[in-house]
Every structure is written in structure tokens, then in C-alpha cells.
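Colleague: First, the structure itself, so that you have it in front of you.
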Amino acid sequence: MEFGESTNAIRRELNNLSSAGYLIQWKRKNKIFYAANTKHTLFKVLQKIVHKHLGLEQIVESVLMQMGDVSNIILIGDYASGRDTGTIEIILIAEKINNDYLIKLQRKLKDIIERTVLFHINSPVPDKGIMLYEKMNSNTPQNN
């Protein structure tokens, strides 16, 4: 087993997380599926911790500081599906992109977070994308 744990131990933990409300579960045929409960009061906090652990927070901050006029950063691919395969795919929706910086950033991130980061510029966003950053419209009122 990939986790180095018995299936019973993993099933027990998944049931505990479901009972606590962190996960939702459903049955399809003879399989049980689990997903994060996005309505749980701690979901955003836990999501931030996971993003920080995976280096996603650092990617967002780096992109926004140096990249250009970025309006959206969307996580796609394996990481958006919850699989840590070592390749993080990100769509950047932007008016102008500093391509030289983008190439340097990819190399730097590989060293820092030990994962390959692939940037897709202004690509169509698939259904399973996760919004990491969305620029506030200057005409949109903000809550303080």
C-alpha cells in the first residue's frame, strides 16, 4: 500500500474525518468516495495550510509580484484532483506576462518546492480547476 498503512486503518481515519464533518462521502456501486467538505467552517483554513505545504502559496505570491497584470491563477491537472504527482499545472489569465521571469520562476520553484511547475498562459479553464487567485475588479465593492 502506498501509505504504508493497512486499508482498515485508512478506512477508519476516513470514517473519523467524515464523522467530524471534514469529508463528505458517497457510495457508487460497491465503492465509497470521499471529498473535502467545502462547507465545513475550517475548510478555508485547512486549504490554506495544504496550499502552503505544497508551495502553492509561494507560487501565487511570486507570480503576483513579478509576472505582470495577472487576473486569475487556476490550479489544474493532478493537484486539482488531489494527486501529488510532482507536477503542478497552473493557468495564468493575464494581459501581459513577463516570459523571461516565468522561465526563471519555473526553475527556482523546482529547487524550492521540489516539484515541476508548468504554467499555461490564457488557456481555457477545465471544470476541475481550483481558483488560487482572482483579482478584485476595481468597480466591485470590497468588504473590510
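Colleague: Mind ordering 91-103, 69-81 by average Cβ neighbours within 10 Å, highest first? Please report the intermediate quantities before stating the final value.
Modeller: Numbers: 91-103: 14.8, 69-81: 17.5.
Ranked by mean Cβ neighbours within 10 Å, highest first: 69-81, 91-103.
Colleague: If I model a spin label at Arg12 and Asp84 as a point 7 Å from the Cα along the Cα→Cβ vector, what separation in nanometres do I get?
Modeller: 2.3
Colleague: Can you work out ³J(HN,Hα) from phi for every residue in the stretch 106-122, in order, using Karplus 6.51 cos²θ - 1.76 cosθ + 1.60 and θ = phi - 60°, giving whole Hz and x for Gly and Pro?
Modeller: Using θ = phi - 60°, the values come out as 4, 5, 5, 5, 4, 6, 6, 9, 6, 9, 7, 10, 10, 9, 10, 9, 6 Hz.
Colleague: Output the peptides 105-112, 32-39 sorted from most to least packed, where packing is the average of other Cβ atoms within 10 Å over each peptide's residues. The partial results should precede the final answer.
Modeller: Values: 105-112: 13.6, 32-39: 12.1.
My ranking of the peptides, most packed first, is 105-112, 32-39.
Colleague: Another question about this same structure. Once amide H atoms are built 1.01 Å from N in the peptide plane, which residues 5 or more positions from Ala94, or in another chain, come under 5 Å H to H?
Modeller: Ser71, Asn122
Laboratory data are not the source of any read-out in this text; all were calculated from the coordinates shown. Being a predicted model, the structure only gives us computed values, none of them experimental. A quick note on method: Cβ atoms are made from the backbone with ideal geometry, for glycine too, and the neighbour counts reach across all protein chains shown.
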